[in-house]
Amino acid sequence: MNHQASFDQMMLGAVFNFGINFVADDTFFHQGLKSFLMKIFMRPISYSKGNLDAFAATQIINIINQGGAVGMFPEGTRSMFGEGGRVVPSVGKLAKQLKVPCVLVVQKGGYLTKPRWRKKLSRGKIEIEIVKIISPSELDVMSDSEVQGTIKKALCHNDFEFNKIENIKFKGKKRAEDLESVLFFCPICHSLNSLSSKNDEIWCSQCSMRDIVQENGMFSNEIREKAMPNSILEWSKIQLEFIKNNIDYLFHLETPLFTDCQITFFESKKSKRISKKIFGEIYLYSDRLEICSKIFPLEVIKAFSIDGVNRLNIFLTNDTSYSIICKPKVNLVKYLMVACQIKNNLKGCEHFC
């Protein structure tokens with residue numbers, strides 16, 4: 001199924017009348033009572049975020065061979081802005097090897113019910129649709145890449161386009177609160193780190209930009225400027241395009257591109273803390289990250305991931321990893337987005353979360 005919200009396992013489990021072993025990244029195995037309950041009720045299979053490792057694949061194969069069912073979210077992480085489409089590498093190959101029916105399910109309305117960046121739930125409507133079943137005989141004649149492409153195409157979903165047709169009201173409080181934890185660019189004055197939010201409103205401290213998130217998930221049209229986006233998804237694409245178009249300028253700055261204070265930093269292994277926490281500041285330069293006086297050249301950083309919105313994981317080429325935890329409203333997406341642009345030879349980074 002596509003991955004929109006933190007309750008997706010329960011939604012998928014409710015569709016079928018048999019037990020499902022869910023594949024979950026290892027961050028969920030170190031969260032106290034929440035992890036304990038998940039282990040009891042959802043029988044999770046642990047994998048390292050960003051890719052299906054050999055251990056996870058072996059567990060999946062064993063469960064299938066015993067007649068069980070496996071539930072997966074091939075996008076690998078919850079949608080940050082309401083649109084899916086990314087599929088973790090090797091999912092197609094694994095699906096073909098298992099030789100069992102591959103059931104593709106799309107959830108609609110999950111993101112607008114509980115956006116990844118927001119604490120509050122909204123009351124609305126969620127639809128679950130089985131969009132395609134790939135039979136074992138079909139899998140036999142398809143290549144790995146064809147299976148991968150079929151899964152990606154079937155699960156691609158845009159919650160804002162869905163609600164343009166359905167016009168569902170997602171009723172709740174504080175619909176814009178903490179939106180600056182994922183948006184950092186003002187589409188009117190093009191300033192960075194100037195956004196603030198409270199209740200249903202978001203505004204810029206450097207210009208007159210102010211907008212409201214409505215019950216349908218879209219921005220208000222009451223005070224509409226041509227440059228203003230209609231949705232959070234459109235806004236995210238505008239800020240990504242701005243970074244792409246200005247990366248040459250940002251790359252040659254000698255001062256930090258971004259900086260934030262009051263962050264917590266530690267070394268981690270399989271998302272579990274293995275070193276003492278350090279408190280300090282984070283700086284992103286055009287060639288390195290500096291975190292609590294520790295320097296990480298961008299060329300030694302293999303990958304990034306974000307858990308929720310307030311934890312950034314950094315994976316190095318020597319297989320060590322570090323985690324940064326920040327307070328609410330601090331934007332970690334900007335570090336991941338800009339670093340990805342630089343690391344991809346200034347050619348852009350289609351999926352950065």
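Counting only residues that are farther than 19 Å from residue 161 by Cα and in a helix (DSSP H, G or I), region 93-118 holds 6 of them. Of all the criteria given as (1) in a strand (DSSP E or B); (2) closer than 17 Å to residue 343 by Cβ; (3) not hydroxyl-bearing (Ser, Thr, Tyr), the one not satisfied by residue 266 is (2). Just give me the residues in region 268-287 being open to solvent by 60 Å² or more (accessible area, probe 1.4 Å) and farther than 24 Å from residue 328 by Cβ, in sequence order. Scanning region 268-287 gives 269, 270, 274, 287. Of all residues in region 288-305, those satisfying the criterion of being open to solvent by less than 60 Å² (accessible area, probe 1.4 Å), in a strand (DSSP E or B) and among the β-branched types (Val, Ile, Thr) are 291, 301. Quick check on my filter: what residues within region 247-258 are surrounded by 14 or more Cβ atoms within 10 Å (Cβ to Cβ) and either assigned to a helix (DSSP H, G or I) or modelled with pLDDT of 95 or more (or both)? 247, 250, 251 - these are the residues of region 247-258 that are surrounded by 14 or more Cβ atoms within 10 Å (Cβ to Cβ) and either assigned to a helix (DSSP H, G or I) or modelled with pLDDT of 95 or more (or both).
Filtered by the rule that a residue be buried (at least 21 other Cβ atoms within 10 Å of the Cβ), within 27 Å of residue 230 (Cβ to Cβ) and of a type in the set (Gly, Ala, Ser), region 63-89 gives 79, 82, 84.
The one condition from (1) modelled with pLDDT under 95; (2) part of a strand (DSSP E or B); (3) closer than 16 Å to residue 333 by Cα that residue 211 does not meet is (3). State whether one or more residues within region 276-295 are closer than 30 Å to residue 82 by Cβ, of a type in the set (Ser, Thr, Tyr) and touching an Asp or Glu at 6+ places or on another chain (Cβ under 6 Å). No, that holds for no residue. Remark: residue 213 falls outside the filter, which requires a residue to be under 24 Å from the mean Cα position of the chain (by Cα) and either open to solvent by 30 Å² or more (accessible area, probe 1.4 Å) or touching a residue at least 60 places away in the same chain (Cβ under 8 Å) (or both). If the condition is being more than 21 Å from residue 247 (Cα to Cα), assigned to a loop (DSSP other than H, G, I, E, B), open to solvent by less than 30 Å² (accessible area, probe 1.4 Å) and free of Cβ contacts under 8 Å to residues at least 60 places away in the same chain, then region 176-208 contributes only 176.
The values are calculated or read from the model by the stated rules, or taken from the named source; none is laboratory data. Remember, it's a predicted structure, so these values are computed and weren't measured experimentally. So basically every Cβ, Gly included, is an ideal-geometry build from the backbone, and we count neighbours across all protein chains shown. Keep in mind that these areas ignore ligands, DNA and RNA; they rest on the heavy atoms of the full protein, side chains included. Shrake-Rupley method; radii C 1.70, N 1.55, O 1.52, S 1.80 Å.
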